Amino acid sequence: MKKTILLWTASAFLSLSLIIIGGCASAEEATEEQAQPTEPSELDITKQRLDVCTKENAQLKQQATRLEQDARNLTAKAAELETRLAEEREKVKLPPPPPPKPVIKDADTEYQSALTLFKQKNYKEAADKLQTILDAGVKKDLEDNCYYWLGESYFGMKDYNTAISNFEKIFGYKISEKKDDAAIMIANSYWAMGNKKEAEKEYKKFLEKYPASPYVKRAQERLGTKAKEEVPPK
């Protein structure tokens, strides 16, 4: 009987051991199955690629927006600089270069030709020739004469203001035989313009500065006076 009990007990222990061992093995197999990574499906891979493309597209859009804003800023800055440049150019606008000087072989011959035109009452042609002589550059003893006859030519054309402007240039020369001529012609120009007040002023100035001039009588006649009343003694 005792032997039977021992045999039964051993059999029960063996069965329990087998159950435990089998359970552990099943648990280990389940753990191994859970721990083993699964391969991603084609759909998962496509989704991952789509997510990456979406992020890249968003980043590119942001970059494009920044670049567009930078472009607008640069355009506005360029327009501002163009405006400022135009303003600065206006401030420092340089005059056009002067035309080249005319070339005259013989100034004296041209001067005599201009006087001939003046005597023929071709005042415009005479003025043009005299101005050409001056533009070419002449010696001082001829330059003042050119200005005087230029004034006479404009006086003949009834352009009295331009005539006066040329007559006044004679007084810029230290020595000139045309100073009393220019002085009386300035007075005559104002007289011809109808500006009697300014003309009388210039006639009086002429009588004071050039009492020995051959034009004294003309000045006195315009003033309606005698020489002894207007010309102070030396």
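Confirm whether Lys105 is assigned by TED's automatic domain parsing to the domain that holds Tyr154, over 23 Å from Gly156 (Cβ atoms) and either within 44 Å of the chain's Cα centre (by Cα) or not in a helix (DSSP H, G or I) (or both).
Spelling it out, Lys105 is indeed assigned by TED's automatic domain parsing to the domain that holds Tyr154, over 23 Å from Gly156 (Cβ atoms) and either within 44 Å of the chain's Cα centre (by Cα) or not in a helix (DSSP H, G or I) (or both).
Can you pull out the residues in the stretch 100-117 that are farther than 15 Å from Leu142 by Cβ and surrounded by 16 or more Cβ atoms within 10 Å (Cβ to Cβ)?
Answer for the stretch 100-117, where residues must be farther than 15 Å from Leu142 by Cβ and surrounded by 16 or more Cβ atoms within 10 Å (Cβ to Cβ): just Leu117.
Within the stretch 121-131, can one find any residue that is under 20 Å from Ser213 (Cα atoms), in contact with a Lys or Arg (Cβ under 9 Å, 6 or more places away or on another chain) and either among the polar types (S, T, N, Q) or not assigned by TED's automatic domain parsing to the domain that holds Ser213 (or both)?
No, because not a single residue in the stretch 121-131 is under 20 Å from Ser213 (Cα atoms), in contact with a Lys or Arg (Cβ under 9 Å, 6 or more places away or on another chain) and either among the polar types (S, T, N, Q) or not assigned by TED's automatic domain parsing to the domain that holds Ser213 (or both).
Being closer than 18 Å to Ala199 by Cβ and either out of contact with any helix residue (DSSP H, G or I) (no Cβ under 8 Å at 6 or more places or on another chain) or surrounded by fewer than 20 Cβ atoms within 10 Å (Cβ to Cβ) (or both) is the filter here; which residues of the stretch 157-170 pass it?
Within the stretch 157-170, Lys158, Asp159, Asn161, Thr162, Ser165, Glu168 meet the criteria.
Cβ-Cβ below 7 Å, separation at least six or inter-chain, first residue in the stretch 141-167 and β-branched (Val, Ile, Thr), second assigned to a helix (DSSP H, G or I): which pairs?
Within 7 Å, the pairs are Thr162/Tyr154; Ile164/Ile186; Ile164/Ser189.
Report yes if Pro97 is closer than 25 Å to Met157 by Cα, part of a loop (DSSP other than H, G, I, E, B) and not acidic (Asp, Glu), otherwise no.
Against the criterion (closer than 25 Å to Met157 by Cα, part of a loop (DSSP other than H, G, I, E, B) and not acidic (Asp, Glu)), Pro97 does not qualify.
Which one of Ala182, Ala192 is under 20 Å from Glu152 (Cβ atoms), modelled with pLDDT of 95 or more and crowded, with 21+ Cβ neighbours inside 10 Å?
Ala182
Which residue pairs have Cβ atoms under 6 Å apart, sit 6 or more places apart or on different chains, and have a first residue in the stretch 101-130 that is under 16 Å from Ala163 (Cα atoms) and a second that is surrounded by fewer than 16 Cβ atoms within 10 Å (Cβ to Cβ) and not hydroxyl-bearing (Ser, Thr, Tyr)?
Between residues of the stretch 101-130 that are under 16 Å from Ala163 (Cα atoms) and residues that are surrounded by fewer than 16 Cβ atoms within 10 Å (Cβ to Cβ) and not hydroxyl-bearing (Ser, Thr, Tyr), the close pairs are Tyr123/Met157.
Going by the structure shown, is Lys205 part of a helix (DSSP H, G or I) and surrounded by fewer than 16 Cβ atoms within 10 Å (Cβ to Cβ)?
Here the answer is yes, as Lys205 does meet what is asked.
Go through Thr9, Thr75 for me and flag whichever is modelled with pLDDT of 65 or more, of a type in the set (Ser, Thr, Tyr) and in a helix (DSSP H, G or I).
Thr75
Go through the stretch 141-199 residue by residue and tally those that are outside any helix (DSSP H, G or I) and of a type in the set (A, V, I, L, M, F, W, C).
So the answer is 2.
The values are calculated or read from the model by the stated rules, or taken from the named source; none is laboratory data. Treat the numbers as computed from the prediction; the structure is a model and nothing was measured. When we count neighbours, we look across all protein chains shown, and the Cβ atoms used for this are built from the backbone with ideal geometry, even at glycine.
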